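Report on the following structure.
All of the numbers you see were taken from the coordinates with simple rules; none came from a lab. Keep in mind the model is a prediction, meaning the values are calculated, not measured. A quick note on method: Cβ atoms are made from the backbone with ideal geometry, for glycine too, and the neighbour counts reach across all protein chains shown.
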Amino acid sequence: MEYANCNRDYNNSNVKDDAYRIEWNGKIGKKGYYSVSKFYANPDYYGYYQDSDYSNASLVYSFTPHLQGHISYNKYENNLDLRPTDPTAERETYWQAGANYTLKHNYYLSIDLENFVCRR
């Protein structure tokens, strides 16, 4: 977990904004793994992550030694205040679910379902 606060003089006005990042990952028993993360930076935060909101979650689970399932979700937004001076305001949402089956000689079968939505 991380939190940052920014104070700066911008066009003779004192601008204060903040940002945070949270990451959490671990195991589910001996066969599963999960990961969750969130990055958020207010529009006037002056740092590497700026004016954006990103969320991610994923889960991988091995049902058998040969069969593994996975699911993930991602969401990204920038230009949070929809300021007309910024060229774009991305709004992206992506999720995926699928399974892999391991075959002999380093071959595998995979099936996935994906959905990607992008708005501007």
Simple spin-label estimate for Glu2 and Tyr108 in nanometres, 7 Å along Cα-Cβ: 3.0 nm
Among Thr88, Phe39, Tyr73, pick out the residue whose Cα is farthest towards the positive end of the charge dipole of region 33-120, where Lys and Arg carry +1 and Asp and Glu carry -1 on C-beta, about the Cα centre. Tyr73
Note the full-extension length gain between Ser62 and Tyr46 as 0.36 nm times their separation in residues minus their Cα-Cα distance, in nm to one decimal. 1.6 nm
Highest-fluctuation residue, Asn42, Asn106, Asn79 considered, GNM on the chain with Cα pairs under 10 Å: Asn106
Given Cα pairs under 8 Å that are at least 6 residues apart, what percent is the relative contact order of the chain? 16 percent
For region 74-120 and region 1-65, compute the distance between their C-alpha centroids and round to whole Å. 17 Å
Could you give me the percent of Cα pairs per 5 Å distance bin for region 2-119, shortest bin first, beginning at zero and ending with the bin that holds the maximum distance? 2, 10, 14, 15, 15, 12, 10, 8, 6, 4, 2, 1, 0, 0
Using 7 Å Cα-to-Cβ label points, what is the Trp24/Lys38 separation (nm, one decimal)? 0.9 nm
State to the nearest 20 debye the size of the charge dipole of region 2-119 about its Cα centre, where the only charges are +1 on K and R beta carbons and -1 on D and E beta carbons. 760 debye
Can I get the semi-axes of region 79-120's equivalent ellipsoid? Compute them from the C-alpha gyration tensor as square roots of 5 times the eigenvalues, in angstrom, largest first. 40, 9, 6
